[in-house]
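First comes the structure, then the notes that go with it.
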Amino acid sequence: MANIVIDPVTRIEGHLRIEAKVDGGKVTAAYSSGTMFRGIELILKGKDPREAWIWTQRICGVCTSVHAHTSVYAVEDALGIEIPPNAALIRDLIAGAQYIQDHVIHFYHLHALDWVDVTGALKADPEATSKLAQSLSPWPKSSTEYFKGVQARVKKLVDSGQLSLMASGYWGHPAYALPPEADLMAVAHYLEALEWQREVIKIHAVLGGKNPHLQTYLVGGMAAAVDPNSPNVINWERMGFIAERIKQMRDFVEQVYVPDVKAVASFYPEWWKIGAGHKNYLAYGAMQSGNRTDESKFAFNRGIIVGGDLANVVKLDQKKITEAIAHSYYTYEGADKALHPWDGQTIPKYTGPTPPYDALNTDAQYSWLKSPRYDGKPMEVGPLARMLVAYASGNARVQEIVNGALTELKLEPGALFSTLGRVAARALETVYMLDKMDEWLAALSANIESGDLRIHNGEKWDPSTWPAEAEGWGFHEAPRGALGHWIKIKDKKIENYQAVVPSTWNAGPRDADGVPGPYEASLEGTPVADPDRPLELLRTIHSFDPCLACAVHVVDATGTERVRVEVR
Amino acid sequence: MTDRRYGVLGLGNRLEQDEALGALVIEKLRTDASLLGSLPAPDTVELIDGGTVGLGLMPYLTGLDGLLVVDVINNNREPGDLIDLDGVDVIRKDVVMSVHDLGAGELLGALYVMEQWPRRVRVIGLEPLVIGLGLDLTPPVAAAFPGLIQELLRYLATWQREDAAAG
């Protein structure tokens, strides 16, 4: 039996280690371990709740704004603050821009190389590539000359040895199935997406200030002035700028991203049957336009699907969320009992092997992640969970988008319970999000036109107006999935703060009953052609868009291997 | 001369002790005006608190005449030792080390494949002692901090003088 170790597996900063046992060319058991302690909760204790978002923004490097967003909602929920519609719309516009940028980056720069062989691109015939591209989409950059140029650029990079982020350990792997022309087209779009993302994310600079960490969040609203006719605030000119960026997003998503996902998927039909896992899906729902309680106003529906049963969406009650620590490096009194996040404790107690080590002791504690459960069950979160919950809840626009894609690909809805299902759901929700961006911007314009310039509700800014004790829940759907912040406030200070992030839901370890987490379950049964180069495992793990303890950036100059594959 | 632009990009997470190095360098340069003020052309320097943002930082880095990337750097040296690397070498090594991490190496790599490489790139930092939960630098890294600031200023001053001489 081969024991394959991938450590770390994340392409975005973070620390995740996967151990997979392979027997007879298939994974028989998998273990997912977060190898770094993330203790934001300890830092927040005793701080002013109004500043929590500044700290939580630093939890994760790639999703800074989502933690700020969720944190201010948690405090507002605790203190009963209603925010003005303009503030809610601006928060949603920031979040939506983040989604669209993240999903495109995920596909091209974090996941595509699991499906696309860069060396294939060098063998492609540019003329045939041009024909292929033009058969898929009206995107203008599709001439023979264009693809010749891209091919020359890639060759230059390969020859110079500086392929940089296009480097992959798995070039020429037998599990790659695209024809060279599709490889070249995808690589061209990979490069275009880098340029594109740089332009479109300027929406954040307009709404959030120039610093890469957004500056304009504020408990009670936003700290960005809205005035149609003033300079240096959110005015007509800047709204026009945002509208243009949304158009730019739509062109690329509809003409490049979605067609590419469909094209790539068509060469990997078996991946609609691999990687499902438990088929339990959870979505908090989000983009609530400031409304915390009326679920009908949420852009994404809230609910739970159990065991792939799309006929029954279970209503979500956040009080049924717990975190277990049976296999996690934590301790507290009564450690066998899972706790709701309001009562959650973060007391680290490392019992694992001393690094560097060959294998985890998976019978005991083996992860810095806790095991979140809903009503005792593991739940997958993310784009697939959101699209399935919305689809099964009768969200008409989502049904239209999903059914359209299923018809085109000749698939049943059940095919979505898979690795490719996650990839497809991410692309389809990007289309859905574009519609929402247009709606939110139009709503913001209409408000401003009607003279409503309110952006902040300061009624409860002064702590003397607060109750002696309060508790709140801030929820969001981050690009990677359901994100919750739970806060308890006592004597104007943070008494307890717990963040349950999407990757904890997905990458958490087994619970006290030995039930595996979503990553672990989804890897079971995955075929592995070459245990030395477990490309298939990366496909499924990357389909979740993992990002854990997302915050260590050490430039490693020693040449240390960062992806380790061992067969024992 | 006036349209020259230089950048100091501080990377790292403020919540992880020595990992905060890049962010603290930016803060120091922002709050103590005498530091940049000692340069021939202080106004041409942009300070970027990159945190751990990755590719999202690209808009801030294109078209620079010189870029200093400040981060903790693991190089098996003594904690607090100054490490100074050519940006091109960081990308080349990263090909070997990191298949797909979207970190500093990839950010630079993206500039490279997009043919928007700044005219000069140095990656400068200190060997860390501890990267783990906490808000303060460890003593050896804190002790080396002023020397690091001086080294950054030396680079900026040299580049500015070279460019001024070139006209």
Residue check for residue A:458: among the small types (Gly, Ala, Ser) and under 29 Å from residue A:506 (Cα atoms): no
Test: residue in the stretch B:109-117 that is at pLDDT below 85, surrounded by fewer than 14 Cβ atoms within 10 Å (Cβ to Cβ) and either of a type outside the set (Ser, Thr, Tyr) or more than 15 Å from residue B:64 (Cα to Cα) (or both): yes
Selection within the stretch A:369-390 - surrounded by fewer than 24 Cβ atoms within 10 Å (Cβ to Cβ) and either within 13 Å of the chain's Cα centre (by Cα) or aromatic (Phe, Trp, Tyr) (or both): A:374
Residue match in the stretch B:8-20 (condition: more than 14 Å from every other protein chain (Cβ to nearest Cβ), modelled with pLDDT of 90 or more and either out of contact with any Ser or Thr (no Cβ under 6 Å at 6 or more places or on another chain) or over 16 Å from residue B:122 (Cβ atoms) (or both)): no
Subset of the stretch B:112-140 (residues that are over 23 Å from residue A:156 (Cα atoms) and in a loop (DSSP other than H, G, I, E, B)): B:127, B:128, B:129, B:130, B:131, B:132, B:133, B:135, B:136, B:137, B:138
Unique match (being out of contact with any Asp or Glu (no Cβ under 7 Å at 6 or more places or on another chain) and either facing chain A (nearest Cβ under 9 Å) or at pLDDT below 80 (or both)) among B:105, B:87, B:56: B:56
Failed condition for residue A:115, given (1) within 11 Å of chain B (Cβ to nearest Cβ); (2) under 22 Å from residue A:422 (Cβ atoms); (3) crowded, with 24+ Cβ neighbours inside 10 Å: (1)
Selection within the stretch A:283-325 - among the polar types (S, T, N, Q), surrounded by fewer than 22 Cβ atoms within 10 Å (Cβ to Cβ) and part of a loop (DSSP other than H, G, I, E, B): A:289, A:291, A:293, A:312
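The values are calculated or read from the model by the stated rules, or taken from the named source; none is laboratory data. Note that the structure is predicted; figures quoted are calculated from it, not measured. Backbone-built Cβ (ideal geometry, glycine too); neighbour counts: all protein chains shown.
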